[in-house]
């Protein structure tokens, strides 16, 4: 029942965080415009590098290590404090590096300082602990309240394009406050421990090993915006950021299973239940395939109408970007299942690291010519190709451990259903007026067509989920 409960918590939260951008993004697009959105995107992409290096892979490493020792309170206490204080030191070093960086740049300095509160917030992020013990209720409730306060603050304090600094400050402070609210819940799980008994640095090497793939992952998540802003224009970075934002919103639904399954599989693996871990990945892979295909095809089908209605007519350049980038929803769903839900929990860090490093290298190499020739569209293509390379390598890495045919069972049926749904919705999108009620109708029809196709093709993924995961 723990998996069911955690999944429901995450689904609730992912739906909620989908609603928040649906409310704020149209407002901010009109208030801040392409330039304001681009400045926020560009400066935030730089700040993410300092957060990344300061965090030293703790989010994944801490999650996994806590899952390994959660049955032993003494080991749990020691492991938490050692990992936490190690990250605290590395975050302080990262912020000192940021001070040096900001003293050397003249452009956007005030925006960088507002963004830098997010670096401080990372020092207080202990969500990895609660994920490791599989208590998702604490983080979900915390995030729900903070997101609500953030939403209200945006509408109250961000009134025109000159309020960009205020907007960045609101986002950064909400992250800091949200992270600090988790500490009172710690007392239920950990005891006090003298600092001089801690051996914080013996976690550094294994955490750093997981840090390498996170560097690579961050490169092809953030470097796109950085390169666009540097090689073309801030506006181009803003256009790609808007497309990327919607893609990430949709992906949150798909990757919610990864957040839940990592500690669950890690705990099963630590107890020697190897076959059980394989059963988990088979059913989880099919599940993410079943939901990622309609999300990707559906988003591509409605983008021509959705973008100008949602972002305003000033962002029509986002339409082709979103249609191309929607393909990564399927690819990331697969790589999330293979990497986060199988390779990491089963301690195959080398294979996972290699896959994301390949993705980063592919992204950087092909980004340069594609940006030169096609600008933001080139970046969207590079994103798809880099995610494809990650997925292909991970499939090669597991081919001798897992039966690939079992991973892709019914995939042809899901794609067939998705293609039929795409053409019906795309035709509706062309002929129906650009109004929200007609867009809602398109989405409703798309869902009905997809479900009907699955029923006709006799696909029963939900029953499999119940039989394997929810026992």
inquiry  = Treating the stretch 350-431 as a set of equal point scatterers at the Cα positions, no solvent, please give the Debye-formula log₁₀ I(q)/I(0) at q = 0.14, 0.18, 0.22, 0.24 Å⁻¹.
reply    = -0.73, -0.92, -0.95, -0.98
query = By per-residue mean of other Cβ atoms within 10 Å, what is the highest-first order of 169-179, 366-376?
reply = 169-179, 366-376
Mean Cβ neighbour count within 10 Å, used as a protection proxy, ranking 447-453, 181-187 highest first = 447-453, 181-187
task = At 7 Å along the Cα-to-beta-carbon direction for both residue 447 and residue 432, put a label point, then send me their distance in nm to one decimal.
result = 1.3
FRET efficiency estimate (nearest 0.05) - Cβ-Cβ, residue 157 to residue 400, R0 41 angstrom = 0.15
query = Per-residue ellipticity at 222 nm for the chain, helices alone: DSSP H runs ≥ 4 residues times -39500 (n - 2.57), over residue total, nearest 500 deg cm²/dmol?
reply = -27500 deg cm²/dmol
inquiry  = Show me the three semi-axes of the equivalent ellipsoid for the chain, from the C-alpha gyration tensor (sqrt of 5 times each eigenvalue), largest first, rounded to whole Å.
reply    = 33, 30, 21
message = Over the Cα atoms of the stretch 287-356, each weighted equally, I'd like the Debye log10 I(q)/I(0) at q = 0.13, 0.22 Å⁻¹, rounded to two decimals.
response = -0.50, -0.86
ask   = Between residue 384 and residue 92, what length comes free when the chain is fully extended (0.36 nm per residue of separation minus the Cα-Cα distance, one decimal in nm)?
value = 101.6 nm
Contact order normalised by residue count of the chain, Cα under 8 Å, 6+ apart, percent = 20
ask   = What is the packing order of peptides 432-440, 379-387, taking the mean over residues of other C-beta atoms within 10 Å and listing the highest first?
value = 379-387, 432-440
request  = Express in nm, to one decimal, how much length is gained between residue 314 and residue 276 on full extension, taking 0.36 nm for each residue of separation and deducting their alpha carbon distance.
outcome  = 8.6 nm
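Read the figures in this text as sums done on the coordinates, not as results from a lab. Because the structure is a prediction, the values reported are computed rather than measured. Neighbour counts run over all protein chains shown; Cβ positions are idealised from the backbone, glycine included.
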